[in-house]
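Take a look at the structure below.
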Amino acid sequence: MITVRSPERRPRSARARLAAASALAAASALALSALAAASALALAIAGALPGAAASTARSATTHTVVLKNIRFHPATLSIRRGDRVRWLWRDGGLEHNVTFHRFHSRTQGGGSYTVRFAHAGTFAYRCTIHVAEGMRGKIVVH
Ligand SMILES: [Cu+2]
């Protein structure tokens, strides 16, 4: 009696074993993907940390002001202490200068002039050639 039932049971139990094995494989695949996700998250966190550290020790930025059409663009620029401002002559060779109370560029038809602003405050400047035309600017350092 048992020997008759046994061949009937065997395929079932074999199928059951196979099902159990594939379930285990699926479970381990899930575990692997969870592990992969966890390590990807760990990498993302590790990657984010140096970025957060870098943002607290902010590096200086260089801002650009373009001299064009007898104007400074932008006329008013807000920056942070330690930042640089670079003026770019883009007025088809027309001569301009960047003149502050205590320092100034050369009068030139092209090129650039860079100043680092170490102190907070509002610094007005102008082009002495075109001051009557309203060629003035302002750097606000925070
Ligand atoms: Cu000018």
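Residues in the range 77-123 that are within 16 Å of the ligand (Cβ to nearest atom) and of a type in the set (Ser, Thr, Tyr): Thr99, Ser105, Thr107, Ser112, Tyr113. Of the residues Leu88, Leu67, Leu41, the single one that is modelled with pLDDT under 95, surrounded by 10 or more Cβ atoms within 10 Å (Cβ to Cβ) and not in a loop (DSSP other than H, G, I, E, B) is Leu41. Ile139 falls short of the stated requirement of being within 10 Å of the ligand (Cβ to nearest atom) and either assigned to a loop (DSSP other than H, G, I, E, B) or not small (Gly, Ala, Ser) (or both).
The values are calculated or read from the model by the stated rules, or taken from the named source; none is laboratory data. Just so you know, these numbers come straight off a predicted model, no measurement behind them. With ideal geometry, Cβ positions are generated from the backbone for all residues, glycine too; neighbour counts draw on all protein chains shown.
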